[in-house]
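Quick notes on the structure that follows.
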Amino acid sequence: MDIDLLEALPLADQWTFVRGRIVETSVELDAALRGLHAQLRGLDSVEALLSAPVNWTQAVDQCRTMTACAAVDESAIRAAIGKALDEAAIAYERRNRYMHDLLTADLADELLPDPTLIDKRNEYYLLRLSSKQNSATVTHVVLDDAIGTVNALVAAMWKVRAARGYLAGQTTWRTALLGELEGDWHGTATWTYGGSDDD
């Protein structure tokens, strides 16, 4: 759906659609991370992608460890892969606030938890679950923040794909890996690269 069409929907429907995009793009980022994990092991098959750790943090940590040992000649490439993993982790943490915390318009009909953990402003807020003690207690959100999360997930997905593609010998991914990448609502990305024209 085009972003202009989204804005024409009632607010509750906009939230439903945007949360769906967050789910969809986070699954795509997870798949991209599994692809990088497999590539760092020298593998390229569905089975290799499925054998990556289910836990996101473990998969990222293993990718960091394997990147340090990967046969990469340039320190800039190794640093760019590390940066791609950092950006993916940040985007995924933003995603977690929507997936593991409660985003809701109205708790009036629900059994309310400890009132010190909730707040409400403009009908939307994130409520920390008891298992997420390292998260901010309450984060106010607006639709633009949620759309920004989609864009961050898309950018991270393409950066991780660029890392995998480059490691697989497809050097056309080099400029995306080393450049500044910006994701958009539709799942595509653009990037700028200020390096050599030979790259």
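Surface listing: S26, S45 arranged by accessible area from highest to lowest gives S45, S26, probe 1.4 Å. For the set D73, D86, D4, the ranking by accessible area, highest first and with no ligand, DNA or RNA atoms included, is D73, D4, D86 under a 1.4 Å probe.
Each residue of the stretch 76-85 was assigned a 3J(HN,Hα) from its phi angle through the Karplus expression (A = 6.51, B = -1.76, C = 1.60, θ = phi - 60°), giving 5, 5, 4, 5, 5, 5, x, 5, 4, 5 Hz with x at Gly and Pro.
Karplus-derived 3J(HN,Hα) values for the stretch 48-65, using 6.51 cos²θ - 1.76 cosθ + 1.60 with θ = phi - 60°, are 5, 5, 6, 7, 5, x, 5, 6, 4, 4, 5, 5, 5, 4, 5, 5, 4, 4 Hz; glycine and proline are entered as x. Between G179 and any residue 5 or more places off or on another chain, the built amide H atoms are never under 5 Å apart. The phi-based Karplus calculation (6.51 cos²θ - 1.76 cosθ + 1.60; θ = phi - 60°) puts the 3J(HN,Hα) values of the stretch 144-154 at 4, 5, 5, 5, x, 5, 4, 4, 5, 5, 5 Hz, whole numbers, x for Gly and Pro. The listed residues T16, T172 rank as T172, T16 when sorted by accessible area, largest first, using a 1.4 Å probe.
The values are calculated or read from the model by the stated rules, or taken from the named source; none is laboratory data. Remember, predicted model here, so these are calculated numbers, not experimental data. Keep in mind that these areas ignore ligands, DNA and RNA; they rest on the heavy atoms of the full protein, side chains included. Shrake-Rupley method; radii C 1.70, N 1.55, O 1.52, S 1.80 Å.
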